[in-house]
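K.L.:
Questions regarding the structure given below will be posed in turn.
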Amino acid sequence: MGILLKAKMIAKKTIERMETGSAIRKMFDEGLSMKAEHGAEHVADLSLGNPEFAPPKAFLEALRRAASEPTPHGYMPNAGYPHVREAIAGYLNRHGYFENAEARHVLMTTGAAGAINVVLKTILDPGDEVIVLRPYFVEYRFYIDNHGGQMALVDTNEDFSLDVEAVAAAVTRRTKAVMLNAPNNPSGRVYDRASLEALAEMLLRKAHEHGRAIALISDEPYRELLFDDTAFVSPATVYPNSFMCYSWSKSFNIAGERIGYVAVNPAAMGEDRDALLDALAMTNRTLGFVNAPALMQRAVAEAVEAEVETGHYAAKREKLCAALDESGYTYVKPEGAFYIFPQTLGPEEAFIRRAREHLLLVVPGSAFGRPGHFRLSFACDDRTVALACEKLRAVAGDYHRERAQVEPVPRGAFAHKAPSPEAGTKGHDASR
Ligand code: PLP
């Protein structure tokens with residue numbers, strides 16, 4: 001009876017999505033039951049990118065002030081409060097993203113997810129293709145499908161950097177957009193200016209050849225979370241027909257508050273730009289968002305220059321990388337975000353199961369379209385990081401012992417093996 005009702009009430013596509021659904025959410029549920037069974041202090045849950053750290057003080061103060069004002073709490077223009085959009089445009093100009101951004105180029109959204117959905121809804125006709133680079137943020141598949149698009153997957157290089165030729169080979173007459181995410185979830189990769197410029201040049205050439213504009217959607221909610229001396233170049237600043245999708249979810253640790261924006265490159269679409277900006281606002285309204293949360297808009301506008309804390313992530317990254325090095329994992333050291341995406345030590349499914357037996361929760365690489373890997377999130381506390389380091393060593397220990405039983409291994413063969421930053425994954429046997 002239940003199944004019959006489900007089949008009759010819920011759309012087939014939704015049932016399909018629920019079944020194939022988010023591996024990350026599944027891990028979340030497993031994490032909860034594992035913690036209930038074994039005690040939270042024994043489980044190293046590195047599965048979720050949900051930072052529960054305090055937001056910047058400046059933001060909290062701005063929020064308190066905004067909340068204490070009796071008004072306004074009503075509707076506003078669908079694109080957001082004019083003074084908030086002006087504050088964001090000013091920020092983008094001051095920080096060198098654009099030179100001449102104005103309030104009208106900015107649309108306030110419900111997080112980066114809202115921003116991406118608004119852009120896709122605004123530009124996609126049924127059957128249009130959106131090129132996505134592998135490994136990719138799992139939700140893109142759903143976002144593109146939401147608006148009738150087709151996802152076209154293209155591999156990045158072995159070290160997760162941009163393979164412009166591979167992107168060029170995937171561009172067809174139906175290509176409407178290329179989606180980039182840097183710093184990348186799950187690899188932590190940031191793209192350098194030279195490769196972005198090569199991509200931009202190629203896209204302009206292809207758009208001209210096909211007589212059709214190609215958009216670049218830059219998803220950059222992690223852009224302040226950078227390590228060492230990594231410089232972030234926003235792809236949206238290098239190519240004119242770009243949409244910069246940003247949120248404060250990760251920089252201010254306010255993912256639940258759902259606040260972000262789309263900034264359209266001021267050079268986008270030439271004389272059609274005003275129509276495009278109107279279309280984005282219309283879509284924000286008709287998608288049912290209506291406008292981004294009012295209180296949050298006012299708070300982020302006031303705290304827009306608040307400093308983003310990255311020191312604690314850098315320390316966590318160092319600890320995890322040291323444990324990975326010591327135990328012989330192959331990985332590319334992340335330049336940004338709070339994820340590491342190492343290769344599994346054996347077939348992926350068995351590796352994830354083995355990790356789970358050690359009460360270590362990580363997400364399989366196949367969830368990001370790159371099997372043979374696993375994602376560690378270090379948006380967690382130091383105790384969990386320390387526990388995860390022990391467990392990573394223990395999992396590797398199992399594999400090393402098992403291999404040693406199959407073939408005797410010379411002493412020291414599994415000793416520290418730090419990969420070069422160029423060390424990669426493509427071409428390696430993912431089912432190893
Ligand atoms: N894009 C990427 C790459 C993400 O990792 C996430 C969230 O984890 C999002 C977009 C969604 O961000 P938001 O919570 O601001 O909608």
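The values are calculated or read from the model by the stated rules, or taken from the named source; none is laboratory data. Given the structure is predicted, the values throughout are model-derived calculations rather than measurements. Cβ sites come from the backbone with ideal geometry, for glycine too, and all protein chains shown count toward neighbours.
K.L.:
Which residue pairs have Cβ atoms under 6 Å apart, sit 6 or more places apart or on different chains, and have a first residue in segment 363-374 that is among the aliphatic types (A, V, I, L, M) and a second that is assigned to a strand (DSSP E or B) and buried (at least 24 other Cβ atoms within 10 Å of the Cβ)?
P.N.:
Filtered contacts from segment 363-374: VAL363/ARG375.
K.L.:
What number of residues within segment 220-230 are away from the ligand (no atom under 14 Å from the Cβ) and modelled with pLDDT of 95 or more?
P.N.:
So in segment 220-230, the residues away from the ligand (no atom under 14 Å from the Cβ) come out as 226-230.
Okay, now just the ones that are also modelled with pLDDT of 95 or more, so 226-228, 230.
Qualifying residue count for the region: 4.
K.L.:
Let me spell it out: the conditions are (1) out of contact with any Lys or Arg (no Cβ under 9 Å at 6 or more places or on another chain); (2) away from the ligand (no atom under 16 Å from the Cβ); (3) part of a loop (DSSP other than H, G, I, E, B), and PHE137 meets all of them except one. Which number is the exception?
P.N.:
(2)
K.L.:
Any residue in segment 7-21 that is at pLDDT below 90 and either in contact with a strand residue (DSSP E or B) (Cβ under 9 Å, 6 or more places away or on another chain) or within 16 Å of the ligand (Cβ to nearest atom) (or both)?
P.N.:
yes
K.L.:
Which residues, counting only those in segment 39-73, are under 16 Å from ASP381 (Cα atoms) and among the polar types (S, T, N, Q)?
P.N.:
Residues satisfying the conditions are SER47, ASN50.
K.L.:
Of all residues in segment 51-104, count the ones that are basic (Lys, Arg) and assigned to a loop (DSSP other than H, G, I, E, B). Before you say what the answer is, go through the steps one by one.
P.N.:
So in segment 51-104, the residues basic (Lys, Arg) come out as 57, 64-65, 85, 94, 104.
Then keep just the ones that are assigned to a loop (DSSP other than H, G, I, E, B); that gives none.
Of the residues in that region, 0 qualify.
K.L.:
Can you find even one residue in segment 88-103 that is within 16 Å of the ligand (Cβ to nearest atom) and touching a Ser or Thr at 6+ places or on another chain (Cβ under 9 Å)? Break it down stepwise before answering.
P.N.:
In the first step, residues of segment 88-103 are kept if they are within 16 Å of the ligand (Cβ to nearest atom); the result is 88.
Adding the requirement that they be touching a Ser or Thr at 6+ places or on another chain (Cβ under 9 Å) leaves none.
For segment 88-103, residues within 16 Å of the ligand (Cβ to nearest atom) and touching a Ser or Thr at 6+ places or on another chain (Cβ under 9 Å): absent.
K.L.:
Determine if segment 155-168 includes at least one residue that is assigned to a strand (DSSP E or B), surrounded by 17 or more Cβ atoms within 10 Å (Cβ to Cβ) and modelled with pLDDT of 95 or more. It would help to see each step written out before you state the result.
P.N.:
First, pick out the residues of segment 155-168 that are assigned to a strand (DSSP E or B): 155.
So of that shortlist, the ones also surrounded by 17 or more Cβ atoms within 10 Å (Cβ to Cβ) come out as 155.
Next, from what is left, pick out any that are modelled with pLDDT of 95 or more: 155.
Yes.
K.L.:
Inside segment 236-258, can you point out the residues that are within 8 Å of the ligand (Cβ to nearest atom), over 20 Å from LYS57 (Cβ atoms) and assigned to a loop (DSSP other than H, G, I, E, B)?
P.N.:
Step one: of segment 236-258, the residues within 8 Å of the ligand (Cβ to nearest atom) are 245, 247-250, 255, 258.
Within this subset, residues satisfying the condition of being over 20 Å from LYS57 (Cβ atoms) are 245, 258.
If the condition is that a residue be within 8 Å of the ligand (Cβ to nearest atom), over 20 Å from LYS57 (Cβ atoms) and assigned to a loop (DSSP other than H, G, I, E, B), then ARG258 is the only one that fits.
K.L.:
Then there's this: Using beta carbons and a limit of 7 Å, which pairs, at least six apart or on different chains, have the first residue in segment 323-342 and closer than 16 Å to PRO186 by Cα and outside the structural domain of SER161 (by TED's automatic domain parsing) and the second one outside any helix (DSSP H, G or I) and among the basic types (Lys, Arg)?
P.N.:
Hits for this filter: GLU335/ARG189; TYR339/ARG375; PHE341/ARG375.
K.L.:
Could you list, in sequence order, the residues of segment 59-87 that are over 30 Å from PRO186 (Cα atoms) and within 16 Å of the ligand (Cβ to nearest atom)?
P.N.:
GLY80, the sole residue that qualifies.
K.L.:
Of these, ALA306, ALA267, ALA279, which one is under 30 Å from ALA194 (Cβ atoms) and away from the ligand (no atom under 13 Å from the Cβ)? Please lay out each step first, then the result.
P.N.:
Numbers: ALA306 fails: under 30 Å from ALA194 (Cβ atoms); ALA279 fails: under 30 Å from ALA194 (Cβ atoms).
Just a single option satisfies the conditions, and that option is ALA267.
K.L.:
Does segment 22-58 hold any residues that are more than 22 Å from the chain's Cα centre (by Cα), at pLDDT below 90 and either within 16 Å of the ligand (Cβ to nearest atom) or exposed (fewer than 12 other Cβ atoms within 10 Å of the Cβ) (or both), and which are they?
P.N.:
Hit for segment 22-58 is SER33, nothing else.
K.L.:
Would it be correct to say that ARG85 is modelled with pLDDT of 95 or more, in the same structural domain as CYS245 (by TED's automatic domain parsing), basic (Lys, Arg) and over 28 Å from ASN146 (Cβ atoms)? Can you show your working first?
P.N.:
Numbers: modelled with pLDDT of 95 or more: yes; in the same structural domain as CYS245 (by TED's automatic domain parsing): yes; basic (Lys, Arg): yes; over 28 Å from ASN146 (Cβ atoms): no.
So ARG85 fails the test.
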